[in-house]
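Chemist: Have a look at this one before I ask anything.
Throughout, read-outs are computed from the coordinates displayed, never taken from laboratory work. Quick caveat, the model's predicted, so the values are computed rather than measured. Don't worry about glycine lacking a Cβ; one is built from the backbone with ideal geometry, like all the others, and counts go over all protein chains shown.
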Amino acid sequence: MIVAKFGGSSLADSDVFRQVRGIIEDDPQRRFIVVSAPGKRHSRDAKITDMLMDCHRKAQIGQSFDVEFAGVYGRFRELATQLGMPGALDEPLGELRTAIQEGTTRDYIVSRGEYLCARLMAAWMNLPFVDARDVVRFNRHGRLMLEDTLRLLREHLLKHERAVLPGFYGADSEGAIHTFTRGGSDISGALAAAAVDAELYENWTDVTGFRAVDPRIIPDASFISTLTYRELRELSYMGASVMHEEAIFPVRHAGIPTSIRNTGNPQHPGTLILPSPRQIGRLPAVTGIAGKRGFSTIILEKNQMNDEIGFGRKVLSVLEENHLNFEHLPTGIDALCVMVNSQALLKVRQKVLDEIEQAVHPDHISVQEGIALVACVGAGLFRMHGTIARLFSAVSESGIPIRTMFQAPSELSIIIGVNEGDLEKAIISIYDAFIR
Ligand code: ASP
């Protein structure tokens, strides 16, 4: 059994609707279909969700939302007409207009993109519609109630051979609608997959999977055919993004693989994300490379620091009291470095340095700014001889000074720090050495 989630670009017009239908009908295993709201048809177009937000913004300040609503109405009406069912959404669209007029909530309004899209898809394909309101449970404060949601999804979905479920929203026990954060249909899809214990969660989008490097740096960067959830997590933390981060947890927890596929190119196998590296077979040394600018290092040196119990705790307490998150903590014998986000440090810099000074009396304290981190991620990184040597040679042969380095304890990634200006060059040199 497969749960297939289709993103906004896969539902933007009637042509892609037909492609989606072809994909669903192509495999009887694709039983539960989760849809986003229609996205952009071309680069200057607007997403339905954004148009709905505009309606809410106008209504909230007591202004006419006629123009904004006409945009939403027009898109759905055109879509329905092109699918041969012109009046299919007239009633719910009318209800939506009245609800906005009567001052309904923001979450209710923005959730209607998914609601209307799923209703149209279900009617057009003659499939049952399961409303997320009845099966995705939030508490009154808008927090997901996981156990209740999984139970409700299981109960309601498994009654049907096939069904269409709108993503992105759910409701509390009183029926008030709550949404996830933007892009949250990925989460709904993953919850549905976990609830019905699917063999596979398919996430259909407009890219052919996950690339080894951001294509803005290497336009022809190769696609990753398989990777693990842990590798994905490391790459996402460093800025790579295809799927909503929170979406990963329900399927990962349930041990269900996720497949990222391209609606416009369904023959392409895309990227398969697996719970365990054992399932991948032969592991490449480097699966992907990601980088991020904007780090600073607070460097503390003190003779005999190594013997001073509590030194690290005192330093980290100062950060905690100043609400400063530390990203990495490379240490030496008599030196401790705390790597933090430069922007966040800026606001509290002098206060933090003074307080550290008072707390641990270092011999020397300094701050290095302008550091970019490059993460080379690969479950096979440490299984192969000489990988690390190759990595450093690649970077240094490109004339890039390495300012810091550390190996993640997970043995999944090596992180090197370079000057911000060298970030792209460093990524290219590692890509050329391992992947190209
Ligand atoms: N339609 C929502 C958004 O634009 C949710 C989604 O597409 O996943 O963020």
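Chemist: Which lysines, on any chain, are close to Lys425 with Cα under 17 Å apart, when same-chain ones fewer than 8 places away are left out?
Modeler: Straight-distance partners of Lys425: Lys292.
Chemist: At 0.36 nm per residue, minus the direct Cα-Cα distance, what do Arg151 and Ser398 gain on full extension? Give it in nm, one decimal, please.
Modeler: 83.4 nm
Chemist: Taking a cut-off of 17 Å between Cα atoms, list the aspartates and glutamates near Lys302, but don't count ones fewer than 8 places away on the same chain.
Modeler: Asp334, Asp354, Glu355, Glu357, Asp363
Chemist: Which angle from 0 to 90°, rounded to the nearest 10, does the C-alpha axis of helix 14-26 make with the longest principal axis of the chain?
Modeler: That helix lies at roughly 80 degrees to the long axis.
Chemist: To make sure I understand, if each residue's beta carbon is the centre and we count other beta carbons within 10 Å, what order do Val136, Val352 fall in, fewest to most?
Modeler: By the 10 Å Cβ count, ascending: Val352, Val136.
Chemist: Taking only the alpha-carbon atoms of the chain, what semi-axes of the equivalent ellipsoid follow from 5 times the gyration tensor eigenvalues under a square root, in whole Å, largest first?
Modeler: 45, 27, 20
Chemist: Just to verify a number: FRET efficiency for Asn126 and Lys40, C-beta to C-beta distance, R0 = 22 Å, to 0.05?
Modeler: In this case the efficiency is close to 0.20.
Chemist: Between Ile388 and Arg436, how many nm apart are label points set 7 Å from Cα along the C-beta direction?
Modeler: According to this spin-label approximation, the distance is 2.6 nm.
Chemist: What is the chain's relative contact order, in percent, from Cα pairs under 8 angstrom and six or more apart in sequence?
Modeler: After rounding, I find 13 percent.
Chemist: Working from Cα positions, state the angle (0 to 90°, nearest 10) between the long axis of helix 106-125 and the longest principal axis of the chain.
Modeler: 60 degrees
Chemist: On to the next question. With each pseudo-label sitting 7 Å past Cα toward Cβ, what's the Arg216-Glu327 distance in nm, one decimal?
Modeler: With each label point 7 Å from Cα toward Cβ, the separation is 1.6 nm.
Chemist: Please compute the length gained on full extension between His253 and His141, using 0.36 nm multiplied by the number of residues separating them and subtracting their Cα-Cα distance.
Modeler: Answer, rounded to one decimal: 37.9 nm.
Chemist: Which length gain, in nm to one decimal place, applies between His160 and Asp15 when the Cα-Cα distance is subtracted from 0.36 nm times their residue separation?
Modeler: 49.5 nm
Chemist: Using a Förster distance of 22 angstrom, determine the FRET efficiency expected from the C-beta separation of Arg293 and Ala408, and round it to 0.05.
Modeler: So, using R0 = 22 Å, E works out to roughly 0.70.
Chemist: A follow-up question, please. Can you list the residues of the stretch 323-361 with backbone N under 14 Å from a point 7 Å past the Cα of Lys314, pointing along Cα to Cβ?
Modeler: Output list for this probe position: 336, 354-361.
Chemist: Given a Förster radius of 35 Å and the C-beta distance between Gln82 and Glu246 as r, what FRET efficiency does 1/(1 + (r/R0)^6) yield to the nearest 0.05?
Modeler: 0.55
Chemist: Say each of Lys425 and Ala99 gets a label point 7 Å from the Cα, pointing the same way as Cα to Cβ; how far apart are those two points in nm?
Modeler: About 5.5 nm, to one decimal.
Chemist: Take the alpha-carbon centre of the stretch 421-436, take the same for the stretch 354-374, and report the distance between them in whole Å.
Modeler: Each part's Cα centre sits 29 Å from the other's.
Chemist: Here is a further query. Using helices alone, what [θ] at 222 nm do you get for the chain, with -39,500 (n - 2.57) per DSSP H run of 4 or more residues, divided over all residues and rounded to the nearest 500?
Modeler: Result for the chain: -12000 deg cm²/dmol, rounded to the nearest 500.
Chemist: Please go through the stretch 97-194 and write out the trypsin sites (Lys or Arg not before Pro) that DSSP classes as loop and that have at most 15 other C-beta atoms within 10 Å.
Modeler: Filter output for the stretch 97-194: Arg140, Arg143, Lys159, Arg182.
Chemist: Here is a follow-up. Using only Cα atoms, find the angle between the long axis of helix 90-101 and the longest principal axis of the chain, and express it within 0 to 90 degrees, rounded to the nearest 10.
Modeler: Helix 90-101 and the main axis of the chain meet at about 60 degrees.
Chemist: If you don't mind, there's one more thing I want to ask. Around Arg154, with a cut-off of 12 angstrom between Cβ atoms, what is the net charge of the other residues, counting Lys and Arg +1 and Asp and Glu -1?
Modeler: -2
Chemist: May I ask you to list the GluC sites (Glu not before Pro) in the stretch 28-127 that are in a DSSP loop and have at most 15 other Cβ atoms within 10 Å of their Cβ?
Modeler: Sparse-neighbourhood loop GluC sites (Glu not before Pro): Glu102.
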